[in-house]
Structure formats: structure tokens, C-alpha cells
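To start, the structure itself, in C-alpha cells.
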Amino acid sequence: MNKEAEQKEVGTVTGIYQEFETWQVNTGGSTIHAKRMPGFFRTVKNYTQSLWLLFFLVPYLRWNGKQAILFDIANRQFHFFNLTILPQDIWMLSLLLLLLAMALFAVTSVASRVWCGYFCFQTAWTDWYTWIEDKVEGPHHARRKLDAAPWNLEKIQKKVIKHLIWMVIALFTGISFSIWFVDAFDYWNMLVHFQLPLVGWVVLIAFFFGTYILAGLLREQVCMWLCPYARIQGVMTDSQTILPTYDFNRGEPRGKLHRKAEGSAAQGDCIDCYQCVQVCPTGVDIRDGQQLGCITCGLCLDACDSIMDKVGTSRGLIRYASLDELEGKPVKKMYQHPRTLVYLGIILLAFGGIVYGLTHLGSMTLKVVTERQPLFVRMSDGSIQNKYEFKVLNKTDKDLFVTVTAEGGVKDQIILGAEKPLLTHHGRGTSFTIFVKAPGENIKREVTPIEFRIQSVEDPLIAAEYNTKFNGPKP
Amino acid sequence: MSEKHDVSGVPTTGHVWDDDLADFTNQPPKWWMLGLTASALFVVVYWIYYPSVPFASTGGFFKGTGGWTAIKEMEADKGEVDAVRGKFEARLKDMTPAAILADNELSEYVKRSGKVLFGDNCAACHGQNGVGTRDKEGLFAPILNDDDWLYGGKIDNIHETITGGRQGMMVAHKDTLKEAQIVDVAKYVKAMSDEGKDKADADPAVAAGKKVFMESDCTACHGPDAKGMQAMGSPNLTDKIWRFDGSVEGIKRTTTYGVNSGDPQARVAVMPSFKKAGKLSDAEIKKLAVYVYKFGGGQAEVAAAPAVEAAAPVAK
């Protein structure tokens, strides 16, 4: 097949197969030993990844004698400093998840896989693990040599040290995850006495192995074949998204530096030094264009820039750029990118919902269930009695006494069962029965609206109302 | 077999479709084969450990070496429930119904099991939630959630009623009173119920009835004020709640033939003893007493009901 015919077939079914032969599919057959190079994006990455230190440290933060942030699963409460959120308010969590998802989408559509490259725990932990590998076994070329070398005392020693450190990190990852859900100091106490409950051991062991295997052994394979977000985010980029891109206009045709020096015609800026491939943690060649293996971490930009500095040409042969920009199409402004605007709109809505929820939490809720069998009871003096089941949720952190009053209802009605203030337990529901008795002759309708109000004796600002009905016979 | 694919070099099954399609004969991955083998071993162990093989001829089955049965598992689960209930039940055992009622936590606990007990034992006559049941003659069994009690609405009265049962008793008056007298007395008590007070002095229409009421044996059980005596289960005739049909016709019938009097037309009002029948344990009867008390008609031990009502906050 000659060159011309081949060109014609691109874009047909056969074209796909031809492309396939140039695809580099990394199935993890050999470990990728990436070179570590300093640079702007490496520094940014170090800072963004170090946010994960919060994951390890925040659970030890105390607030008013309690853990400041605690997802207390056993007691079904979420503590956030002064705030306690009960499962009844969990709808805000769904808005929070929506907000986070949309933030991910919006950032991805603007600047591609920022999450993957700079924030993702898989990237962060893998980076730390390979940093330890680098310290213990030496730089990338030494590690490659060590892997190929026959087993001897030195190799065993290095490998054992590396895996031990990995395991310690994995263990701390498991512990740190757990103490977001159980009081940190209680957890350590139970742990060192080997008294964790079964579920605690299961979580710890799962996270220990999960961290060790995912970050230590699988590494970039997780991003390629396990992570659904990697694929989702890949399809959310378009020709307007800026992402690490090789400027093929400037770089091609690539060639070694000495050939360029010899003055061969029409040589591009790329000197084919392979530094961009060497530093890539997922082992892709960015010069093949955007591909699923690229987590857009920007490390190849650092590598290329350092080379460009050395050969004396300008930086940015590999840079954050959109496809439109490279192909010379007009670059649209951010507000001309409708998808991003839609994402932003949803983010604002979700954020508004959360703000509304947090400011309208209330410290007490009331629900009144009217007895339905019988709807009402005729008493011996001819009055009509209704029975109500009060369900009070006291969201404060102390037990409160409440009084019960009613608005509306029937003239001269009396409330029975709340002669003394009633106790409501904090942090859980309390139910009590209240009767309302009204003279039969005052009942004008079968159904009379009535509004109950409970009010704390200790703090009159803590109150709740509920609208319900008073049932009677047909007058 | 053993042919090789011309491009990939992988062995194929040797079968070719549609000119160039062939099946590779790649081995499954090792981890997959291990998983398959482990699953097969698991099945064998499971078969031996648990009951697995039915014997059609004898109706029996291979019982398994582990000794597992569904009954045992159910008993173990029941043990868990009993452990939760245990601490409440232990306290209930030695407490009087009044003490249980006074204890908020316990009476909440009792409410739940009381509901089940009531549904199983009481609701057939008294209706779900004590609303009473009716037959063609009117109320078949008393309403339990109002404040009118034949035998008293204090917690101990209710407990006693469930324990020992009750049997209403009113003699037939067809032989001692004339029919006209019975009509007069029926009108008299009906008027008292409707008006809430004795109208005989003001209203000559019912004065004749009052005379009959006072001079025959009515007062012996219902009292001179017709308010009844809970000690013997005679009802209050002046309130708005009638055990049997409250119309003049109905009252006439009750008076003529009595209640449980042996007359074939007599009203029937019998509640069995739940202790004697052995149906309910002491603790269950206590629970039921508290449950029934809390329907809304229970009467407090000391303070009279009106005093409590007066102290209650009155809605605007």
C-alpha cells in the first residue's frame, strides 16, 4: 500500500486499525520508573498534594472538648466545630456532593484533569511512594538496574526497607481514615489495646491493603483501567479546554540536536530528548497528543522547559494550550463556553441550597401525628377528645424541657398531658402523647385547624411549630 | 487447533468463519483460574457443612456436619432481641402497674409491646386502639379510650379487670315492674343523660320515672343520684356514654330483661379472666393495663380529673 492510499483510508474503519498500531497501550507489563525533575509544576504539585496532610492531622483537632470534625456513625451525628448535623439534615450532603461533582466537571472543562494531576489521592500517594522509592533505591535509572539485577543481599535490603516504609504509610492511611468516623483518641486507645470492633479491623485492613496495592504496586494502572473518573473527565474536555499540549507546529519535524547543528533543513524545536517521556508518571508520550494515560500533571512541561532553556530556545514547546489555539482557530473567552456556564450555574444553586440549609438548621423540630383510630373520642361529659403523638427532635447538645401550647382549634379547648414541662432528649427523638379536649357544643366543623407550638423553658428562642387538625363529629 | 493467527501469532482453534475470523485459544488469567478452583472447592465444603441433599424415598435429608438449622438460627436471633428487652423486663417483673406508669422510660417501652398484646388479645372485642366494637344491638364491648369506666379507670382497677375478668349483672325487671313503669324510668334516666342533671322537679313528664327509680331497687345498684357504683360495675346513668343502646327503647329493653340475668333476651356483657385462662403472664397483664390506661381515659390515682384540667395551659 502506498503512502497516498494510506492517507485516504484515515477516517475509515480501516483507518482506526492503522491508528491502533501506533497506540501505546500501557498494561503495566513493566514498572514505570519516572525521573523526578524540579520545576514550576513540580512545586505546584507538591503544594496541592500536601493538602492531604489535612487528612492525617485534622481529626486530632479538638473543639469544646470534642473532636472538631467527626462523622459519628455510631451515634448518627456529624460534628463540625459548633455545628451538629443529624441525619434529618442529610439532604445537604447530596447538595454538597452535587457541588463537588459540578466543581470537578467545571474545572475539567476549563483546564482538563486538574483533579487527577494535582489533587487526586491516587496521584498523591503514588507520588509519595515513588519519592520514597527514589530515596531508598536511588534515581530512576538505578531503580531500573536494580529491578533487572539478580537477587542479592543489597537488593533484598533495599526492597524490604522500601516496602516497610510503604506499609507504615498504608497503615497510617487506614488509621487516619478511621478516625474521621470515631473519636481519634478513643480509636488509638482501642487500637493499641487490640480492642477495635470487627468493623474497625476490616476497615483498617482494607485501607492498609488498598493503599499498599493501589499506590505501591498498581500506580498508574489505577488511572488507566480502574478509575471511572479518569474516563469521565477525559470526555469532558473539548477543543477549548486548555491542557498540557505539545506544540507540533513548532516542534515538528523533530530531530536530534546535532543534526540541527549540521543545518539540516526545516528542523523543528523538538530535539527528541525523551525527557518528557522520562518524567511522566504514567509513561505516556505527550507528543502523541492528548490521550487517556495523561493525567495532566504538568511534569513534562517542567522537563521540556528545562531542556529548552539549555538549548537556548524559548520555553513552551509543551505548554497548557487548547487544541483550538494550536490549530490557529480563534480562542473563545470563558463566557463563550456554555457548558462551563451551566456547570457554574448548578454550582451556585447547590451552594445556595447548602447556605440556606445551614442557616435554617433550627435547634428543634416538631412533628405531630394525629391518632386516626379513633379520630376522636366522646367523653362522659359530652366533650370531644383528640389524641396526638408528638415527635420532638432536640438538636442541641443538652436535654431541654418544653411547654406545649396551641393556636387555633376549638374554643375553650384544654391540653392534657403537658401540665408540667416535658423532657426532650438531646441528639435523638423524643415522643410523647398529648390530648386535646374541647366542649362538644363549641365544635363547629368536623375538621378544625390547630397549630401546636413547643417552646423550651430554658431558652425561649428554641421552639418549633406544627400545623395539624382537630377532629370532631359532624355538628 | 495449533494453527496460528497470521498477524498476532496467537494460536487459534483452527476454525475459520467468514473468510478470516478465528478464535484465539488464550489461557484464562491465572488469578481467574485460581478463583474458579477456589469456588469449586467452596461448593464442596458448603455441601458437606450445610444440609444439602434431600432423600426423596425417606422424606429426610442429609443434615450436614455443621449442625446448622433454621430453627437454631432463629433462636439465636431471638436471644439478641431478648437481651435488649431483658433489662426492661427484669424491672417490670417486680413493679406495680402504677409504678410502671410513673416511669417514663418504662411506659414508653410498654407502649410498644402493649400494642401487640392488645391486638392479639383485646382488639377482637374492644377494637383496635380500644375504639369498641358494635353488633346489631349496639355496643358489643365498651370503648376503652373515653373516661367512662364501669369498674373504675384507675390503673389498679384496669389491672384488676384484665386479671380477673368482669361480668355485668342486672336483674330482669319484667316481673317486678309494669311496662308503663319501665317506660317512665327509661325516660327519666334518658333525660338526665341528655341534660346532665336531674330534671324531675322541673319537668313533670319525667317525675313519674323518678318515683319508680327511687322506690324500686334501682338505687341499690345505681345509687340515689343514678351515678352508679364502680365497685359493683353499675354504670353512671347521668353521663353521655351508654354501655348499651341509649335510646328510650334500648333502656327499656335493658331494664326489662336485665344484663346476664339468665333471661334469653338479656343483654350480654362478659369479659373473661386473662389470668385464669393462662393466656397472659403477670408481666403481660401489667403491660396491658398501662397500655389501656394510656388510651386517654385513664384516671390519675390522687388528683381529681377537673383539678388537673384547671391547671393545664388553656389555649387562647
So, in region A:436-475, how many residues would count as being over 54 Å from the mean Cα position of the chain (by Cα) and hydrophobic (A, V, I, L, M, F, W, C)? 2
Select, from B:ARG243, B:ARG267, the only residue that is within 14 Å of chain A (Cβ to nearest Cβ) and closer than 25 Å to B:ASN157 by Cβ. B:ARG243
Mind listing whichever residues of region A:411-429 are open to solvent by 10 Å² or more (accessible area, probe 1.4 Å) and touching a residue at least 40 places away in the same chain (Cβ under 8 Å)? A:GLY427
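Just to confirm my filter: which helices (runs of 4 or more DSSP H) fall fully inside region A:235-321 and include at least 3 residues that are more than 31 Å from the chain's Cα centre (by Cα) and farther than 25 Å from A:PHE105 by Cα? It would help to see each step written out before you state the result.
Working: elements: A:248-251, A:257-261, A:275-279, A:299-311.
Correct list: A:248-251, A:257-261, A:299-311.
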Yes/no for A:GLU154 being part of a helix (DSSP H, G or I) and more than 26 Å from A:ARG42 (Cα to Cα): yes
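So which residues in region B:228-240 are more than 14 Å from chain A (Cβ to nearest Cβ) and either β-branched (Val, Ile, Thr) or assigned to a loop (DSSP other than H, G, I, E, B) (or both), if there are any at all? Spell out the reasoning first.
Restricting attention to region B:228-240, the residues satisfying the condition of being more than 14 Å from chain A (Cβ to nearest Cβ) are B:229, B:231-234.
Across region B:228-240, the qualifying residues are B:ALA231, B:MET232, B:GLY233.
Out of the residues in region B:103-145 that are in a loop (DSSP other than H, G, I, E, B) and either farther than 13 Å from B:ASP245 by Cα or among the aromatic types (Phe, Trp, Tyr) (or both), state the one that is modelled with the lowest pLDDT. Talk me through it step by step, then tell me what you get.
As a first pass, look at region B:103-145 and keep what is in a loop (DSSP other than H, G, I, E, B): B:103, B:122, B:127, B:131-132, B:136-137, B:142-145.
Filter once more, keeping what is either farther than 13 Å from B:ASP245 by Cα or among the aromatic types (Phe, Trp, Tyr) (or both): B:103, B:122, B:127, B:131-132, B:143-145.
On the way: B:ASP103: 85, B:CYS122: 92, B:GLY127: 91, B:VAL131: 89, B:GLY132: 88, B:ILE143: 91, B:LEU144: 92, B:ASN145: 88.
Ranking the candidates gives B:ASP103 first.
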Can you go through A:ILE179, A:ILE165 and tell me which one is of a type in the set (A, V, I, L, M), open to solvent by 40 Å² or more (accessible area, probe 1.4 Å) and assigned by TED's automatic domain parsing to the domain that holds A:CYS120? A:ILE165
Considering only region A:184-201, I want to know if a residue exists there that is open to solvent by less than 40 Å² (accessible area, probe 1.4 Å), closer than 26 Å to A:ILE132 by Cα and not small (Gly, Ala, Ser). no
Residue by residue through region B:29-64, note down the ones that are surrounded by 10 or more Cβ atoms within 10 Å (Cβ to Cβ) and assigned to a loop (DSSP other than H, G, I, E, B). B:TYR50, B:PRO51, B:SER52, B:VAL53, B:GLY60, B:PHE62, B:LYS63, B:GLY64
If we scan region A:75-91, do we find a residue that is assigned to a strand (DSSP E or B), crowded, with 18+ Cβ neighbours inside 10 Å and of a type in the set (Ser, Thr, Tyr)? yes
Does region A:213-220 contain any residue that is buried (at least 17 other Cβ atoms within 10 Å of the Cβ), among the basic types (Lys, Arg) and over 20 Å from the mean Cα position of the chain (by Cα)? no
Considering region B:208-227 alone, what residues qualify as being away from every other protein chain (no Cβ under 14 Å) and either open to solvent by less than 40 Å² (accessible area, probe 1.4 Å) or among the basic types (Lys, Arg) (or both)? B:GLY209, B:LYS210, B:LYS211, B:VAL212, B:PHE213, B:SER216, B:CYS218, B:THR219, B:HIS222, B:GLY223
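Yes or no: region A:338-346 includes at least one residue that is out of contact with any strand residue (DSSP E or B) (no Cβ under 8 Å at 6 or more places or on another chain), open to solvent by 70 Å² or more (accessible area, probe 1.4 Å), among the polar types (S, T, N, Q) and within 30 Å of A:ILE286 (Cβ to Cβ).
Our first condition is that a residue be out of contact with any strand residue (DSSP E or B) (no Cβ under 8 Å at 6 or more places or on another chain); within region A:338-346, this holds for A:338-346.
When the remaining residues are screened for being open to solvent by 70 Å² or more (accessible area, probe 1.4 Å), the result is A:338-339, A:341-342, A:344.
Pick out the ones that are also among the polar types (S, T, N, Q) and you get none.
Looking for residues that are out of contact with any strand residue (DSSP E or B) (no Cβ under 8 Å at 6 or more places or on another chain), open to solvent by 70 Å² or more (accessible area, probe 1.4 Å), among the polar types (S, T, N, Q) and within 30 Å of A:ILE286 (Cβ to Cβ), one finds none in region A:338-346, hence no.
Report, by residue number, each residue of region B:111-132 that is β-branched (Val, Ile, Thr) and within 12 Å of another protein chain (Cβ to nearest Cβ).
To start, the set of residues in region B:111-132 that are β-branched (Val, Ile, Thr) comprises B:116, B:131.
B:VAL131, the sole residue that qualifies.
The values are calculated or read from the model by the stated rules, or taken from the named source; none is laboratory data. In this text the structure is predicted, and so the values were computed from the model without any measurement. For neighbour counting, all protein chains shown are included, and Cβ atoms are generated from backbone atoms with ideal geometry for every residue, glycine included. Remember, those area values only see protein heavy atoms, side chains included, never the ligands or the DNA or RNA. Shrake-Rupley method; radii C 1.70, N 1.55, O 1.52, S 1.80 Å.
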